[in-house]
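Down below is the structure, laid out as structure tokens.
Please treat every number below as a calculation from the coordinates, not as lab data. Everything numeric here is computed off the predicted structure, so don't read it as measured data. Here the Cβ positions follow ideal geometry from the backbone for every residue, glycine too, while neighbour counts run over all protein chains shown.
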């Protein structure tokens, strides 16, 4: 299964991925109109320290702790991808606590959100991958999931 | 602070309606032009620090930025232009030699723009390169004068060593140090994929790039940085750099701050020491001396690799080229006054040397007149900007062209001409790790390959239009050229007729 991977060697820490991610969820056609004056809640975050930076998003673990711990069954594994049904999420944050990558976070309205590989959009390639200016974020097949 | 004599040249214009305060511009500007004021939740910028490299403009996700001339002007004066006045103020301030980068940007004639190409109509058929074979390959090196035969009458292969190229374009010399590791890797990988050559420049060859040897020209310059037997034998050809179009008559100076880590090791000089290339080669004061170096290099490499001698296009270029053609060198590279550089004194860049078009035409003619044109191939560089320039250069007599600036532009260069500051926002002319990583060679080499493939298509289209199906038939074919708006003397030097003739 194709997943999002980050080659930190090429990550510039520019955070464009965060903005493209946030924009991808808005359904708007123009980023300026969608995000001007807004605080963004991207499903991908840049972590940086000591000159090294990389984008962190859901690893879509084979044996996902978040799915196991979800008290309402909002998190499921669908075709190898960890998906969230926000209608079932009650905002208990258990998934946030158990995710070893810090890849689940809450939205502005309380329920959780996470990277779902832009499957909701028709683009095919996730927005962060298309938006990365240095090819640091890739969407590819890399053997068996852990 | 005193008096602020110089008003910023550019103004960064931010469209507040489109800015989303994502701070990408702030993170990407090594010159620290942009700043986010958290207490006001807004971006501000300091125009005075802007070099107009367009990194922020290109990465802004909402197209909220543009850079325009600031428009501030002294009282208009045709003699004392804004630029002249500012440079004078700058020197009165610092007492220093003015430094610049890249090629001469001044308003001298661009002869390529005053030359038009021919095309076939009615009486001679044009060729469609998509349907008919079209040869873009070239071979560089000396051509044998005579056919030699053995006792059985069989021809003896007496062809001197050659460089074989898939198209008449190579990447010109840019040293590791003046440009980054990633820029070099992009050039090397692109050259390999394209079947052309790139050039190490005078900084030696990083050990990682020996694997691209078959597509590498190794350079020997006056500083002899990184030159050793394995280096000389690693490439497909050796280039002796006598001069550079951007700075004829002077040497080079890579500041000690750039001599770090691998660059120090590759150049074989201590970390932090300035890499100074003397103006002359201290062992070359005549064509005879040059011949000694040519043959030393041939000896080291077992006479298996062609030797290129690169010179800047200067007033006596024809006589110099004639000497080089008799020195045992296989190829002459001529660099015109528009040629680029990572750092050059402004006055030299803008006032020394001659246009490559005139140098090429006169050298080709002189070598023909003297019957020694086959002794050498000719490579020209110094602002080859498009496939049309390539075709015109070949028709004027070049065997091949060098591109440097065009190649760097494919990698992201926006000609801000600030290489000498060492803070290239595009990760090309810098050694700061945070900046060099901005050039991902996976992307860089792909863009170079794209550019060259595009040019190759265009070259074939133009040749086909002329009814020519190989570069060999175009070479020196000046009947395919016409001048436009040129005087008698210029036409005479270029060896072409005026449009309408």
Checklist entry - Arranged from highest to lowest average of other beta-carbon atoms within 10 Å per residue, in what order do the peptides B:219-228, B:475-484 appear? => result B:219-228, B:475-484
Checklist entry - If you count, for every residue in A:9-22, the Cβ atoms of partner chains within 10 Å of its Cβ, what is the mean? => result 4
Checklist entry - Just how far, in whole angstrom, is the stretch B:281-300 from the stretch B:58-97 if you go by their alpha carbon centroids? => result 45
Checklist entry - At 222 nm, what helix-only mean residue ellipticity would the protein assembly as shown give, in deg cm²/dmol to the nearest 500, using -39500 (n - 2.57) for each DSSP H run of four or more? => result -7500 deg cm²/dmol
Checklist outcome for this item: residue B:17 and residue B:93 label points (each 7 Å along its Cα→Cβ direction) are spaced in nm at 3.6
Item to check | Cα-based shape type of chain B, given that a ≥ b ≥ c are square roots of the gyration tensor eigenvalues and the cut on a/c is 1.5 | outcome: prolate
Checklist outcome for this item: Row for the stretch B:10-96, column shape: gyration tensor on C-alpha, a ≥ b ≥ c, rounded if a/c < 1.5 i.e. under 1.5, prolate if a/b over b/c, else oblate; value prolate
Next on the checklist: Please rank A:141, A:47, A:116, B:271, fewest neighbouring Cβ atoms within 10 Å first, as an exposure proxy.
Outcome noted: A:141, B:271, A:47, A:116
Checklist entry - Separation of the stretch B:406-445 and the stretch A:56-100 by C-alpha centroid, Å? => result 41
Item to check | Global form of the stretch A:33-146, assessed from the alpha-carbon gyration tensor, a/c cut-off 1.5 | outcome: rounded
Checklist entry - Hey, in the GNM for chain A with a 10 angstrom Cα cutoff, which one of A:54, A:101, A:23 fluctuates hardest? => result A:101
Item to check | Computed FRET value (nearest 0.05) for residue A:41 with residue A:81, which takes r as the C-beta separation and R₀ as 22 Å | outcome: 0.65
Checklist outcome for this item: Checking rank on B:351-363, B:441-453, with mean other Cβ inside 10 Å and highest first, the result is B:351-363, B:441-453
Item to check | For residues of A:27-39, the mean tally of beta carbons on other chains within 10 Å | outcome: 4
Checklist outcome for this item: Inter-chain shielding metric for B:171-181, i.e. average beta-carbon neighbours from other chains within 10 angstrom, reads 0
Checklist outcome for this item: Going fewest to most other Cβ atoms within 10 Å around each Cβ, B:399, B:369, A:50 line up as A:50, B:369, B:399
Checklist entry - Which order do peptides B:53-62, B:314-323 fall in by mean Cβ count within 10 Å, highest first? => result B:53-62, B:314-323
Next on the checklist: Taking 51 Å as R0, compute the FRET efficiency from the Cβ-Cβ separation of residue B:149 and residue B:110 and round it to 0.05.
Outcome noted: 0.55
Next on the checklist: With just the Cα atoms defining each centre, how far is the stretch B:306-367 from the stretch B:196-238? Give it in Å.
Outcome noted: 21
